[in-house]
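The values are calculated or read from the model by the stated rules, or taken from the named source; none is laboratory data. Since we're looking at a predicted model, the values are computed, not measured. Reconstructed Cβ throughout: ideal geometry from the backbone, glycine too, with neighbour counts over all protein chains shown. Side chains included, ligands, DNA and RNA excluded: accessible areas come from the protein's heavy atoms. Shrake-Rupley method; radii C 1.70, N 1.55, O 1.52, S 1.80 Å.
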Amino acid sequence: MLGAEGAITRIVLNGKEKEGLVMPPLRGALDDTAIAAVLTYIRQSWGHNAPPVSPESVAKVRAAVGNREEPWSDEELQSTP
């Protein structure tokens, strides 16, 4: 989970679809602070030293995706910052 911060945030917010399998969205279940904490934990676990994810960063991505309800595909995520 060391990919682009914007991409991993989008996955948590809207879910991800691949080969007919779907990770459910968590946008309604977690606030920006909780998502930032989870992503920071994952990015800094298992010997990795990625920078923390801020709640403000999550809020920016949340605003950018707006009312999107569909899960993301690999192709879409590859073109996100």
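Tabulated data for the structure shown
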| read-out | value |
| --- | --- |
| Qualifying residues in segment 1-47 (those that are in a helix (DSSP H, G or I) and in contact with a Phe, Trp or Tyr (Cβ under 7 Å, 6 or more places away or on another chain)) - the one farthest from Arg62 (Cα to Cα) | Ile11 |
| Residue check for Leu21: touching a helix residue (DSSP H, G or I) at 6+ places or on another chain (Cβ under 9 Å) and not aromatic (Phe, Trp, Tyr) | no |
| Every pair of residues 6+ apart whose Cβ atoms lie under 6 Å, when the first sits in segment 26-53 and is buried (at least 16 other Cβ atoms within 10 Å of the Cβ) while the second is acidic (Asp, Glu) | Val53/Glu5 |
| Residues of segment 60-81 satisfying the condition of being open to solvent by less than 40 Å² (accessible area, probe 1.4 Å) and under 13 Å from the mean Cα position of the chain (by Cα) | Val61, Val65, Pro71, Trp72, Ser73, Leu77, Thr80 |
| Selected residue (criterion: farthest from Leu21 (Cα to Cα)) from residues of segment 48-75 that are in a loop (DSSP other than H, G, I, E, B) and of a type in the set (Asp, Glu) | Glu69 |
